[in-house]
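A.B. asks: Submitted below is the structure of interest, expressed as structure tokens.
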């Protein structure tokens, strides 16, 4: 039976007995899964998964990115490793709209879905947004609790919220949000 990327992320949390209460140590999780994270002065992409064989893998990160960006990139690359249909190929991750290959766009979206669920579990986010409106104050709470960017928190809040319409964007590093 085929699992969704979110189901794979929840499976990883269960297998490694990870708490849902706050920030996840993604570097430690990568090590537990047989991987290694290193940073390099790379350009044009945020991260790269390198399958090394025998269940081992490496993740290359772009030096200079914020720690919050690095955490999401690590979780995204770990998603490529944990989602069986992604596992046996190197994954060079650029913005999905830069790829002309439809299957690569799908793989990137799936890895991002995995990362969002791993870093910000849906059931916790749903409980946060169920108690009030979808707004910047709540996104700030999620960002601080899970050590993710404000944009990631706002997008996840919108995905897990009950609003019919929600928009999150960033302009000159200021995040704007709307819910309706």
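The values are calculated or read from the model by the stated rules, or taken from the named source; none is laboratory data. Since we're looking at a predicted model, the values are computed, not measured. Counting neighbours? That spans all protein chains shown, and the Cβs are built from the backbone with ideal geometry, glycine included.
A.B. asks: From the set of residues in segment 4-47 that are loosely packed, with under 12 Cβ neighbours inside 10 Å and in contact with a helix residue (DSSP H, G or I) (Cβ under 8 Å, 6 or more places away or on another chain), which is nearest to residue 153 (Cα to Cα)?
C.D. replies: 22
A.B. asks: Which one of these does residue 66 not meet: (1) in contact (Cβ under 8 Å) with a residue 60 or more places away in the chain; (2) closer than 18 Å to residue 121 by Cβ?
C.D. replies: Unmet condition: (2).
A.B. asks: Being crowded, with 23+ Cβ neighbours inside 10 Å and either at pLDDT 95 or above or over 30 Å from residue 84 (Cα atoms) (or both) narrows it down to one residue among 111, 116; which is it?
C.D. replies: From the options 111, 116, the qualifying one is 116.
A.B. asks: Would you confirm whether or not segment 160-174 contains a residue that is modelled with pLDDT of 60 or more, part of a helix (DSSP H, G or I) and not assigned by TED's automatic domain parsing to the domain that holds residue 53?
C.D. replies: yes
A.B. asks: Also, I was wondering about something else. Which of (1) assigned to a helix (DSSP H, G or I); (2) surrounded by 15 or more Cβ atoms within 10 Å (Cβ to Cβ); (3) at pLDDT 80 or above does residue 60 not meet, given it meets every other one?
C.D. replies: Of everything listed in (1) assigned to a helix (DSSP H, G or I); (2) surrounded by 15 or more Cβ atoms within 10 Å (Cβ to Cβ); (3) at pLDDT 80 or above, residue 60 misses just condition (1).
A.B. asks: Now, a different point. So if I check each of 92, 52, 48, which one is modelled with pLDDT under 90, within 16 Å of the chain's Cα centre (by Cα) and in a strand (DSSP E or B)?
C.D. replies: On the way: 52 fails: within 16 Å of the chain's Cα centre (by Cα); 48 fails: modelled with pLDDT under 90.
Checking each option against the conditions leaves just 92.
A.B. asks: Quick check on residue 18: is it in a loop (DSSP other than H, G, I, E, B), over 14 Å from the mean Cα position of the chain (by Cα) and assigned by TED's automatic domain parsing to the domain that holds residue 109? Walk me through how you get there before you give the answer.
C.D. replies: Values: in a loop (DSSP other than H, G, I, E, B): yes; over 14 Å from the mean Cα position of the chain (by Cα): yes; assigned by TED's automatic domain parsing to the domain that holds residue 109: yes.
Here the answer is yes, as residue 18 does meet what is asked.
A.B. asks: Also, quick follow-up: Let me confirm something: among 99, 103, which residue is under 27 Å from residue 56 (Cβ atoms), modelled with pLDDT under 80, surrounded by fewer than 23 Cβ atoms within 10 Å (Cβ to Cβ) and in contact with a helix residue (DSSP H, G or I) (Cβ under 6 Å, 6 or more places away or on another chain)?
C.D. replies: Criteria check complete, one pass: 99.
A.B. asks: How many residues are modelled with pLDDT of 95 or more and more than 16 Å from the chain's Cα centre (by Cα) if we restrict to segment 21-31?
C.D. replies: Total meeting the criteria: 1.
A.B. asks: Out of segment 21-45, which residues are touching a strand residue (DSSP E or B) at 6+ places or on another chain (Cβ under 6 Å) and in a helix (DSSP H, G or I)?
C.D. replies: Within segment 21-45, 27, 30 meet the criteria.
A.B. asks: Name, by its number, the condition in (1) crowded, with 23+ Cβ neighbours inside 10 Å; (2) in contact (Cβ under 8 Å) with a residue 40 or more places away in the chain; (3) under 12 Å from residue 112 (Cβ atoms) that does not hold for residue 76.
C.D. replies: Just one mismatch for residue 76, condition (2).
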